[in-house]
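J.: The following block contains the structure, expressed as structure tokens.
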Amino acid sequence: MRMNKHSRLHLPHPPARPGEAPDFSYVQLSPAGAVPRPDVNARARDIESLSVDLVRVLDDAGDAVGPWHPHLDPAELQIGLRHMLLTRLFDDRMQRNQRAGKISFYIRSLGEEAVSVAQCMALRPGDMLFPSYRNQGLQIARGIALVELMCQLLSNTRDMCKGRQLPVMYHSKAGNIFSISGNLATQFPQAVGWAMAAAIKGEDHLAASWIGEGSSAEADFHHALLFASVYQAPVILNVVNNQWAISTFQGYAGGEQRSFAARGPGYGIAGIRVDGNDFLAVYAVTQWAAERARTGAGPTLIELVTYRGAAHSTSDDPARYRARNDHEHWPLGDPIQRLKQHLIRLGEWSEARHQALAAELEALVVSSWKEATGFGTMTEGPRLNADLMFEDVFKEMPEHLQKQRALMRAERSRSADSAPPSAATPFAKAGTDVSAETSTRSEGA
Ligand SMILES: Cc1ncc(C[n+]2csc(CCOP(=O)(O)OP(=O)(O)O)c2C)c(N)n1
Ligand SMILES: [Mg+2]
């Protein structure tokens, strides 16, 4: 080892910048089927190797191998494929809608669909999910209608967030899915708190939460792990390592010296690294962690190794900071392709069935969009009642807000009186607004 006369500062290096060839040699892989599956009640300190190895079930040919093979029914696998494909087609259409100026912002999950879909399917409906903004697959797998998600993206009269949130920060009213926060990593301590409460109440439910590897640099990540460890909370903490936090390479969040999963054992929590693009491996590892939580063996930190195939969001341009077409060179492939290939090898799927499914789901996305736009678009009414912005924060509205609301109402009726009847105003004319709760407008109404 070379000795320096002085200390030196190490700067992590992204594998390849624009103009360079993609290079994923830094990603530590294990062969499919090679990692042992310990008992669900194994102590965290006895299974530390799981946090550096990589659990994989699907091999390069598309066969399921090794001790983590979850032996799911083909029908279950087909449902998983359907949810993943719907997630991708929904994402593609919403991306195009943003480019066409129909919504203001969007975030895709291209290449990461197995994370949300397989994990959701491995959990029970009563388990509480605390997602990030890149977990739309959870909403889809939990049965939230596309129309509901689209109305949130449009901030229209049926918007579940009543126009108060950035598009994709869903707050689904059903499905046991917690509201999404743009403040990174807040969901981690919240999930641990929820899990602690479930344990205190003697319930059988667990909590699961997802953050990006970049967000693991937030203090909330560490608070969550400590609380989860001390109280052995029934929680599954997922770090989705898609290698990038906007333009910042994962090495800057600490992934260069040690895996993210290895932070688990540091806190006395089981840590496990899994191929995030392998539907079967993600399912099996989540099922294992869920059983640990439900049998009192405590929390698990799962690192899902994957790749962010698209830009961070519609506001980002990855051509500025990473190698062109690098997604095609990602060594763990594409989750949809891999599950499709596996089902074909089982004799339970075909190219023709795949195309028919894609056409069916595309039609669902199109018809859902048509229905959603009937509740209002960015340019056409009906519009949310502006009064809504003053509600739901205080039980009794403080005086200063009452004053502001009165001012706004006066301004609105003044501009409504002076404006020609057809002129577009920032707020719809009082009396014609439709509130989020009272809206029952249906397609074409
Ligand atoms: C507390 C906080 N800091 C910074 C941001 C700005 N920000 C939004 S997304 C993002 C990158 C997050 O990357 P990662 O956690 O890896 O998740 P990914 O987007 O890759 O899914 C940043 C820095 C924020 N929203 N909240
Ligand atoms: Mg990331």
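The values are calculated or read from the model by the stated rules, or taken from the named source; none is laboratory data. None of the values given here were measured: they were computed from a predicted structure. Positions of Cβ are generated from backbone atoms using ideal geometry, with glycine treated the same way; all protein chains shown enter the neighbour counts.
J.: Within segment 144-159, can one find any residue that is within 16 Å of ligand 1 (Cβ to nearest atom), assigned by TED's automatic domain parsing to the domain that holds R292 and surrounded by 19 or more Cβ atoms within 10 Å (Cβ to Cβ)?
T.: no
J.: For segment 142-242, list the helices (runs of 4 or more DSSP H) that sit wholly inside it and hold at least 2 residues that are over 21 Å from M378 (Cβ atoms); which are they?
T.: 187-200, 219-231
J.: So which residues in segment 110-129 are within 16 Å of ligand 1 (Cβ to nearest atom), among the small types (G, A, S) and not in a helix (DSSP H, G or I)?
T.: Once the filter is applied, which keeps residues that are within 16 Å of ligand 1 (Cβ to nearest atom), among the small types (G, A, S) and not in a helix (DSSP H, G or I), segment 110-129 yields only G111.
J.: Using beta carbons and a limit of 8 Å, which pairs, at least six apart or on different chains, have the first residue in segment 248-266 and assigned by TED's automatic domain parsing to the domain that holds G212 and the second one among the charged types (D, E, K, R) and near ligand 1 (Cβ under 10 Å from one of its atoms)?
T.: Listed pairs, sorted by first residue: Q250/E213; A253/E213; G255/E213; F260/E213.
J.: To continue, here is another question. Mind checking which residues of segment 226-267 are β-branched (V, I, T) and in contact with a helix residue (DSSP H, G or I) (Cβ under 8 Å, 6 or more places away or on another chain)?
T.: If the condition is that a residue be β-branched (V, I, T) and in contact with a helix residue (DSSP H, G or I) (Cβ under 8 Å, 6 or more places away or on another chain), then V235, I236, V239, V240, I246, T248 are the ones that fit.
J.: Give me the pairs, please: first residue somewhere in segment 183-203 and farther than 18 Å from I269 by Cα, second residue anywhere and aliphatic (A, V, I, L, M) and within 16 Å of ligand 2 (Cβ to nearest atom), beta-carbon distance under 6 Å, and either six or more positions apart or on two chains.
T.: A185/I211
J.: Separate question: Mind listing whichever residues of segment 1-25 are touching a residue at least 12 places away in the same chain (Cβ under 8 Å) and either basic (K, R) or not in a loop (DSSP other than H, G, I, E, B) (or both)?
T.: R17
J.: May I ask you to list pairs of residues, at least six apart or on different chains, whose Cβ atoms are under 7 Å apart, with the first in segment 408-419 being exposed (fewer than 14 other Cβ atoms within 10 Å of the Cβ) and part of a helix (DSSP H, G or I) and the second being aliphatic (A, V, I, L, M) and modelled with pLDDT under 90?
T.: Between residues of segment 408-419 that are exposed (fewer than 14 other Cβ atoms within 10 Å of the Cβ) and part of a helix (DSSP H, G or I) and residues that are aliphatic (A, V, I, L, M) and modelled with pLDDT under 90, the close pairs are S413/A430.
J.: Same structure again: For segment 51-82, enumerate the residues that are over 22 Å from the mean Cα position of the chain (by Cα) and of a type in the set (D, E, K, R).
T.: D53, D59, D60, D63, D73
J.: Can you tell me which residue in segment 231-266 is nearest to ligand 1 (Cβ to nearest atom), limited to those that are buried (at least 19 other Cβ atoms within 10 Å of the Cβ) and over 17 Å from T306 (Cα atoms)?
T.: R263
J.: Moving to a separate point now. Do any residues in segment 323-335 that are more than 17 Å from G19 (Cα to Cα) have Cβ atoms under 7 Å from those of residues that are assigned to a helix (DSSP H, G or I), where the two are at least six apart or on different chains, and which pairs are they?
T.: P335/M84; P335/E113; P335/A114; P335/F279
J.: Looking at segment 207-218, is at least one residue more than 10 Å from ligand 1 (Cβ to nearest atom), at pLDDT 95 or above and out of contact with any strand residue (DSSP E or B) (no Cβ under 9 Å at 6 or more places or on another chain)?
T.: No: segment 207-218 contains no residue that is more than 10 Å from ligand 1 (Cβ to nearest atom), at pLDDT 95 or above and out of contact with any strand residue (DSSP E or B) (no Cβ under 9 Å at 6 or more places or on another chain).
J.: On to the next question. Would you pick out the residues in segment 62-77 that are in contact (Cβ under 8 Å) with a residue 12 or more places away in the chain and either among the hydrophobic types (A, V, I, L, M, F, W, C) or out of contact with any Leu (no Cβ under 7 Å at 6 or more places or on another chain) (or both)?
T.: G62, D63, A64, V65, G66, P67, W68, L72, E76, L77
J.: Can you pull out every residue in segment 275-288 that is in a helix (DSSP H, G or I), surrounded by 23 or more Cβ atoms within 10 Å (Cβ to Cβ) and touching a Pro at 6+ places or on another chain (Cβ under 7 Å)?
T.: Within segment 275-288, F279, L280, Y283, A284 meet the criteria.
J.: Filter segment 369-389 down to residues that are farther than 15 Å from R412 by Cα and either in a loop (DSSP other than H, G, I, E, B) or of a type outside the set (S, T, N, Q) (or both), then give me how many there are.
T.: 13
J.: Now a separate question. For segment 177-187, state whether one or more residues are over 28 Å from D46 (Cβ atoms) and more than 16 Å from ligand 1 (Cβ to nearest atom).
T.: Scanning segment 177-187 turns up at least one residue that is over 28 Å from D46 (Cβ atoms) and more than 16 Å from ligand 1 (Cβ to nearest atom).
One line per residue, one yes/no per condition, for (1) within 16 Å of ligand 1 (Cβ to nearest atom); (2) surrounded by 20 or more Cβ atoms within 10 Å (Cβ to Cβ):
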{"site": "A290", "(1), (2)": "no, yes"}
{"site": "A293", "(1), (2)": "no, yes"}
{"site": "G296", "(1), (2)": "no, no"}
{"site": "T300", "(1), (2)": "no, yes"}
{"site": "Y307", "(1), (2)": "yes, yes"}
{"site": "S313", "(1), (2)": "yes, no"}
{"site": "D316", "(1), (2)": "yes, no"}
{"site": "R320", "(1), (2)": "yes, no"}
{"site": "N325", "(1), (2)": "no, no"}
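J.: If I filter segment 59-71 for residues that are at positive phi, surrounded by 13 or more Cβ atoms within 10 Å (Cβ to Cβ) and touching a Lys or Arg at 6+ places or on another chain (Cβ under 8 Å), do I get at least one hit?
T.: Checked segment 59-71: at least one residue is at positive phi, surrounded by 13 or more Cβ atoms within 10 Å (Cβ to Cβ) and touching a Lys or Arg at 6+ places or on another chain (Cβ under 8 Å).
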